[in-house]
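So the structure is just underneath, and the comments pick up after that.
The values are calculated or read from the model by the stated rules, or taken from the named source; none is laboratory data. Because the structure is predicted, anything quoted here is derived from the model rather than measured. Ideal geometry is used to build each Cβ from the backbone, glycine not excepted, and the neighbour counts take in all protein chains shown. Just so you know, the surface numbers come from the protein's heavy atoms only, side chains and all, with ligands and any DNA or RNA stripped out. Shrake-Rupley method; radii C 1.70, N 1.55, O 1.52, S 1.80 Å.
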Amino acid sequence: MSLSGKTVFVTGASSGIGEACARAFAQAGARLLLCARREQRLRELAATLREQHGTEVLAFALDVRHRTAVEEALAALPPEWAVPDILVNNAGLSRGLEPLQEGSHQDWEEMIDTNVKGLLWVSRTLLPGMVERGSGHVINIGSIAGWEVYPNGAVYCASKHAVDALTKGMRIDLNGTSVKVSSVDPGLVDTEFSRVRFHGDQQRANATYAGMTPLRGEDIAETVLWVASRPAHVNLADILILPADQASCTVVHRRQES
Ligand code: NDP
Ligand code: 8X3
């Protein structure tokens, strides 16, 4: 699969699915724009990709929650990087797992500001250039949590339902512009996601995947790459991708651990 010469912007590329996407797109010959808050990690990833694949990479620290920071960072890109061919809106997180009546305001703000508003700020800044050029592809990383709601996860689920609505709305509003909009919606993927959700409690994070085989970031990246490399007239609109052990948010087959 070749994406030679295409410019791909992956948000949240410092770990997990975003990092795996960066590696997959680099292997496919793309040039990469990468952002996240942890700049050192991005620098190390960029160095590896340059060395392994000769990839052209521009990596920069960015907190997608801050609209003016997003606008300024993207306005400061060199002209040949300014309008990516493919935008992977991946930056996102969950915080907390408790009944709504006990939820933390701070956790809620972090999820909504990142998963919903961050995706909006990046998309709003880049879409006019794609429309003007007459080509582009936005791939939003949604979730099974945008298809279902599970106990104690209402706000994270709401944020991913919002991503689903934004994917559908973007696709409607961009119809006729030659800019495609897709969504890749994973179930359980073993990344830093659960450690972040449980505020660094690794034991609790590990329990999320106990006795079952979760997806890996690479599984999602492979699908994102497939979505991105279809012919111009084909749009894979929405893909739900689950571990074989998972049937729904709450139905997960777990083996007894010996
Ligand atoms: P990780 O925690 O491993 O990665 C999250 C990435 O998002 C990191 O690179 C992080 O970088 C970045 N990020 C978080 N907040 C911000 C911010 N404010 N600004 C910029 N970047 C940010 O988790 P995943 O790889 O699993 O998560 C990636 C996406 O996949 C998320 O949207 C998540 O909701 C979704 N998803 C995950 C699933 C799973 O089971 N793991 C299942 C379904 C969907 P940094 O901290 O350096 O800023
Ligand atoms: C992540 C999947 O079910 O852990 O979006 O919320 S889940």
Subject >> Filtered residue count, the range 191-213, keeping only those that are part of a loop (DSSP other than H, G, I, E, B) and within 7 Å of ligand 1 (Cβ to nearest atom) >> reply: 2
Original post:
For the range 108-117, does any single residue satisfy the condition of being out of contact with any strand residue (DSSP E or B) (no Cβ under 7 Å at 6 or more places or on another chain), open to solvent by 60 Å² or more (accessible area, probe 1.4 Å) and either under 25 Å from K180 (Cβ atoms) or in a loop (DSSP other than H, G, I, E, B) (or both)?
Top reply: yes
Subject >> Tally, over the range 207-235, of residues that are open to solvent by 50 Å² or more (accessible area, probe 1.4 Å) and in contact (Cβ under 8 Å) with a residue 12 or more places away in the chain >> reply: 7
**OP:** Kindly check whether there is at least one residue in the range 169-177 that is without any contact (Cβ under 8 Å) to a residue 40 or more places away in the chain, open to solvent by less than 60 Å² (accessible area, probe 1.4 Å), away from ligand 1 (no atom under 11 Å from the Cβ) and of a type outside the set (S, T, N, Q).
**Re:** yes
Original post:
Does any residue in the range 186-202 that is closer than 16 Å to G142 by Cα come within less than 7 Å, Cβ to Cβ, of a residue that is near ligand 1 (Cβ under 7 Å from one of its atoms) and of a type in the set (D, E) six or more places away or on a different chain, and which pairs are these?
Top reply: none
Original post:
Here are some residues: V88, V8. Which one is open to solvent by less than 30 Å² (accessible area, probe 1.4 Å), away from ligand 2 (no atom under 16 Å from the Cβ), aliphatic (A, V, I, L, M) and under 30 Å from E132 (Cβ atoms)?
Top reply: V8
**OP:** Just name the residue that is farthest from the chain's Cα centre (by Cα) out of those in the range 141-160 that are β-branched (V, I, T) and either away from ligand 2 (no atom under 16 Å from the Cβ) or crowded, with 20+ Cβ neighbours inside 10 Å (or both).
**Re:** V155
Original post:
Is the range 122-140 home to any residue that is open to solvent by 10 Å² or more (accessible area, probe 1.4 Å), away from ligand 1 (no atom under 16 Å from the Cβ), of a type in the set (A, V, I, L, M, F, W, C) and within 22 Å of V224 (Cα to Cα)?
Top reply: yes
